[in-house]
Each structure stands twice: as structure tokens, then as C-alpha cells.
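I have placed the structure first, in the form of C-alpha cells, so that the comments after it can refer back to it.
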Amino acid sequence: MHLYSQRDPAYSQLSHGAAGTIHDYGCFLVSVGNLYQRSPVELCDVTGIFTPEGWLVSSVAAKSSGGESLPKTTTAPQGWCIAVTKDIPNVGMHFFCVNPDTKEMIDPLKHPALIEPLKYKIVEYRPFTNIKLDAPKKPPASLRSENSGRQGGGSLDTTGTTAASRRAERRDRRRR
């Protein structure tokens, strides 16, 4: 798995459509690259990926990568997607990869890019299909509850299900 950063000197000064450079305006492009495991340089070469004003056309980026850009939503999807925050001063909107299930993120402003605990308030999600990002599925230790494995209870997961009820459901499926 490769994680891309808009601050990577190998390509940060490349043009990002008409908007400027990847360094300054490449957070959405780089986040799509992380989801589909494609370099920002490769994505910049896709015909029609930018509007004349320099905005990324997510449907073109996804299609060229074998996926589909789904409608924006304020409801957290499952697994890795792109999220939007307005938490960064003097930036306006900032796009980054997030896994709402594990509460982890990949911020394209970080170089080198890394998976870290979610620290931004999310205003919307941009889900995609057929992504290639293969990140660890287990939440960081700081997010796991000490009692999550106890019989008859435990912490709730993102769907409101306890660990005990998930075990019972798996046991029932095996018996069928």
C-alpha cells in the first residue's frame, strides 16, 4: 500500500489543472489517489479529470480507476472514503481520506502521509466504489474499549452492535 501526500516534493509542484499546484490545491486529487492507489501524477494525465477552472471531476477520476463516485452525504459510509472538513484555518474546504468505522484518517497535507486517528470535524463524505486502499481493519488500541470482548455486553460498534451480539450472530450462522 502506498500513501500519497500533496507535499511530496516528487510531484508537489506539478500543475493541478488551472487551479495551481498539487502542493497548494491537490488535497482532493491526492485523496482519490490514496483510495485507488494511483499516483497524483498518473491521475493528472486522465483526460477530463479537471474542469476548465481546475476543479477535480470525481466521477472521471473514479471511472478511470475502475470505480464510481457516489453522491455526497452527511451520513458516514462504511470503510474508506473521502471526507470534507472546514477545520483548517485559511483553507476553506479540505479533502482527506477517512475510515469512519475505525476513526482513522489520511491527511494529504502530511508528508510523509500516514494513517492516524481522526482529528477533523467532518462536514460531508464523498464515498467511492471499488477502492484499492488496503489499510489495517483493526482500530487503534486507543479506540478499542477494555470491555468490548466481555460476554453479555461490551462497547457498541459504529452500527450500535455489541461484541457479544456479533459473536452470537456468527455462532448462529455456523449452525445453519
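Summarising the label geometry, the points placed 7 Å from Cα in the beta-carbon direction at ASP134 and VAL41 lie 2.3 nm from one another.
For the stretch 1-75, run through the GluC sites (Glu not before Pro) and keep only the ones in DSSP coil with at most 10 other Cβ atoms within 10 Å of their Cβ.
GLU53
The calculated FRET efficiency for GLU68 paired with GLN13, based on their beta-carbon distance and R0 = 45 Å, is about 0.90.
Once a ≥ b ≥ c are taken as the square roots of the eigenvalues of the Cα gyration tensor of the stretch 1-122, is the result rounded (a/c under 1.5), prolate (a/b larger than b/c) or oblate (a/b not larger than b/c)? Show your work: numbers first, answer last.
Values: a/c = 1.44, a/b = 1.24, b/c = 1.16.
In terms of gyration-tensor shape, rounded.
Every read-out reported here was derived from the displayed coordinates using simple, explicitly stated rules and does not represent laboratory data. Given the structure is predicted, the values throughout are model-derived calculations rather than measurements. Here Cβ is always computed from backbone atoms with ideal geometry, including for glycine, and neighbour counts include all displayed protein chains.
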